[in-house]
Amino acid sequence: MKTRSTVIFLLIVVVVGFISYAAINGVNLGKYEITTVKEEMDLGLDLAGGVYVVLEAQTDATGPELRRMMEQTKAIINQRVDGLGVSEPNIVIEGEDRIRVELAGVEDTQKAIDMIGKTAQLQFVEPDGSVVITGEHVREATATFESVNGIRQPVVILELNDNGTDDFAEATGRLLGQPIAIVLDGNAISSPVVSSKITNGQARITGQKDIEEASRLANLIRAGALPVEMKELESSVIGPTLGLESLDKSVFAAMIGIILIFLFMIVFYRIPGLIADIALTIFILIILGVMIGIGVKLTLPGIAGLILSIGMAVDANVVIFERIKEEIRSGKTIRASVDAGFKRALSTVLDANITTLIAGIVLYNFGTGPIKGFGVTLMIGIIASMITAVFITRLMLKLVVTMNITKNTKFYGA
């Protein structure tokens with residue numbers, strides 16, 4: 001039993017050490033290469049540099065009508081940002097009438113700001129470049145299903161106003177078998193082929209692979225038909241040099257804090273403190289792995305949430321170890337004290353972490369911009385904290401007790 005516990009304990013230490021080294025320096029294993037956390041982690045706007053803009057709709061519309069207009073405007077901005085070549089932009093509707101656009105890593109910031117804020121231009125264009133109708137002639141565009149030869153297919157239904165109906169009827173009569181491109185801000189978003197003359201002001205656009213694609217096309221068309229003026233409330237440009245400098249300083253400060261925590265735990269709790277340090281290392285690796293796995297962008301508030309969750313993890317270990325010390329002082333054996341200490345501390349640890357987890361959920365659901373980043377890392381950290389404190393620390397501490405390194409209670413902080 002003692003040999004088995006020793007082997008398992010040493011295996012855990014070796015694996016954690018290897019993963020930690022690979023996370024910091026990277027490892028090349030022939031066909032397989034483990035890249036560093038720094039290379040894998042996506043950086044947010046405040047660390048990678050870029051631009052963010054907050055826009056407000058200038059309209060008297062309210063309720064569902066306003067919501068629809070904001071969704072249309074968001075779809076237009078998404079379309080424009082795609083043209084900038086920005087990877088993973090953050091475009092969200094804040095409140096009822098505002099849109100926040102965060103573009104990390106964008107190079108031409110002024111071009112981005114100008115493109116985001118301009119009014120959409122929707123045109124239906126003939127093959128020779130002549131404009132048939134524009135967005136002002138489109139009354140409505142909806143995505144739905146229709147049955148063709150017994151098969152349900154997504155389709156976009158266009159409804160035109162009176163002027164648009166006459167112009168479109170004339171053009172579709174001339175262009176049978178030819179495409180009429182739907183062009184938004186100079187980019188063709190669809191090129192349906194005319195199959196018949198349309199005289200009733202209702203056109204059908206087929207060829208979408210699913211209802212999501214049809215809904216996106218309908219949103220873009222509606223946005224061109226129902227543009228809403230967007231006023232720039234706030235904008236900021238962050239240079240990549242400043243972002244990297246902030247990242248370096250934050251990582252340096254975090255490393256100092258983590259080292260001090262590791263030393264504190266060893267000085268005050270000896271063997272349990274050393275085990276807590278190993279568990280905290282696992283905890284940090286779990287957080288970073290989850291963030292990379294689900295694509296969470298690392299931001300300055302996110303780093304703050306990460307450090308706060310490390311503090312919560314330490315706090316959980318402190319509560320557990322103090323309970324163990326109390327059991328040892330009452331005369332119990334080290335093995336019995338460890339079991340009793342974890343049982344007594346469990347409810348306290350869960351209560352503290354669950355209440356903080358609720359706070360993280362609230363921040364994520366109701367916060368905006370950087371607040372969401374803080375909430376995400378805090379939630380991930382709290383869950384990882386409970387896993388490492390309740391399970392990993394307990395497993396490793398019981399392995400050490402089974403190894404019977406020493407029976408001197410001073411080495412357990414008592």
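Read-outs: derived from the displayed coordinates by stated rules, not from any lab. Bear in mind the structure is a predicted one, so any value in this text is a computation, not a measurement. When we count neighbours, we look across all protein chains shown, and the Cβ atoms used for this are built from the backbone with ideal geometry, even at glycine.
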Which of the GluC sites (Glu not before Pro) found in the range 2-59 are in a DSSP loop and have at most 11 neighbouring Cβ atoms, other than their own, within 10 Å? none
Among the lysines, which fall within straight-line cross-link reach of Lys410, defined as a Cα-Cα distance under 21 Å, with same-chain neighbours fewer than 8 residues apart omitted? Lys325, Lys332, Lys398
Once both labels are modelled 7 Å past Cα along the beta-carbon direction, what's the Arg344-Lys197 spacing in nm? 9.3
Work out which helices of the chain, taken as complete DSSP H runs, extend at least 24 Å along their axis over the Cα atoms and score a mean Kyte-Doolittle of 0.0 or more, then list them. 2-25, 240-294, 300-329, 334-366, 370-387
So if I take the centroid of the Cα atoms in the range 1-63 and the same for the range 282-308, what is the distance between those two points in Å? 7
Please list, short to long, the whole-number percent of alpha-carbon pairs of the range 314-405 in consecutive 5 angstrom bins beginning at zero. 3, 14, 21, 18, 14, 10, 8, 6, 4, 2, 0
For Asn161 and Glu39 in the same chain, what is the full-extension length gain: residue separation times 0.36 nm, less their Cα-Cα distance, in nm? 38.6 nm
Charge dipole (debye, nearest 20) of the range 331-414; +1 at Cβ of Lys and Arg, -1 at Cβ of Asp and Glu: 420
For an R0 of 45 angstrom, estimate the FRET efficiency from the Cβ-Cβ distance between Ala169 and Val237 and round to the nearest 0.05. 0.40
With every atom except the alpha carbons ignored, what do you get for Rg and Dmax of the chain, in angstroms? 29.8, 98
With a Förster radius of 51 Å, plug the Cβ-Cβ distance of Ile211 and Phe252 into 1/(1 + (r/R0)^6) and report the FRET value to the nearest 0.05. 0.55
Is it possible to state the helix-based mean residue ellipticity at 222 nm for the chain, with each DSSP H run of 4+ residues giving -39500 (n - 2.57), the sum divided by total residues, to the nearest 500 deg cm²/dmol? What is it? -20000 deg cm²/dmol
Whole Å is fine, so just give me how far the alpha carbon centre of the range 138-203 lies from that of the range 355-399. 51
